[in-house]
Amino acid sequence: MIAFILTQPNLESLVHCKDRTNGQQILLARLRGEEVKAFNELYIMYSTNLLGVILKIVDQQEIAEDLLQEVFLKIKKSISTYDEIRSRLFTWMLNISRHTAIDYIRLRSTWGFR
């Protein structure tokens with residue numbers, strides 16, 4: 001038998017969640033306004049996690065770092081197409097990272113490199 005315990009939501013965590021959502025909306029507006037500081041903040045916030053995903057796919061630190069730079073250029077170029085209704089910002093960037101790394105692997109194997 002499975003039992004669920006229902007508790008009252010923690011008001012503090014709800015406020016934190018709302019603040020985080022508002023913060024992301026503000027950051028997104030700044031990114032769409034092409035504010036350089038906003039892109040720097042985005043890089044600081046997410047680069048380590050995105051690098052980890054890329055590194056897991058390509059398995060070479062230097063290549064992963066190069067691909068991470070490519071990912072952030074793609075993010076900058078296509079931020080206007082990001083739809084916050086369809087996915088969270090991190091999920092969207094994660095998909096760009098994964099696809100960029102997989103494209104690199106495909107291209108490398110097409111040219112016969114290991």
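The values are calculated or read from the model by the stated rules, or taken from the named source; none is laboratory data. Every value quoted in this text rests on a predicted model; they were computed, and no experiment measured them. Counting neighbours? That spans all protein chains shown, and the Cβs are built from the backbone with ideal geometry, glycine included.
Structure values in brief
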read-out	value
Restricting region 79-109 to residues that are without any contact (Cβ under 8 Å) to a residue 12 or more places away in the chain and of a type in the set (Ser, Thr, Tyr), the residue that is farthest from GLY33 (Cα to Cα)	SER109
Region 85-107, subset modelled with pLDDT of 95 or more and small (Gly, Ala, Ser), residue surrounded by the most Cβ atoms within 10 Å (Cβ to Cβ)	SER97
Condition broken by LEU6, with the remaining ones in (1) modelled with pLDDT of 90 or more; (2) in a loop (DSSP other than H, G, I, E, B); (3) loosely packed, with under 11 Cβ neighbours inside 10 Å satisfied	(1)
Contacts under 9 angstrom Cβ, first residue in region 27-56 being over 16 Å from LEU94 (Cβ atoms) and without any contact (Cβ under 8 Å) to a residue 12 or more places away in the chain, partner outside any helix (DSSP H, G or I) and not basic (Lys, Arg), 6 or more apart	ALA29/GLU35
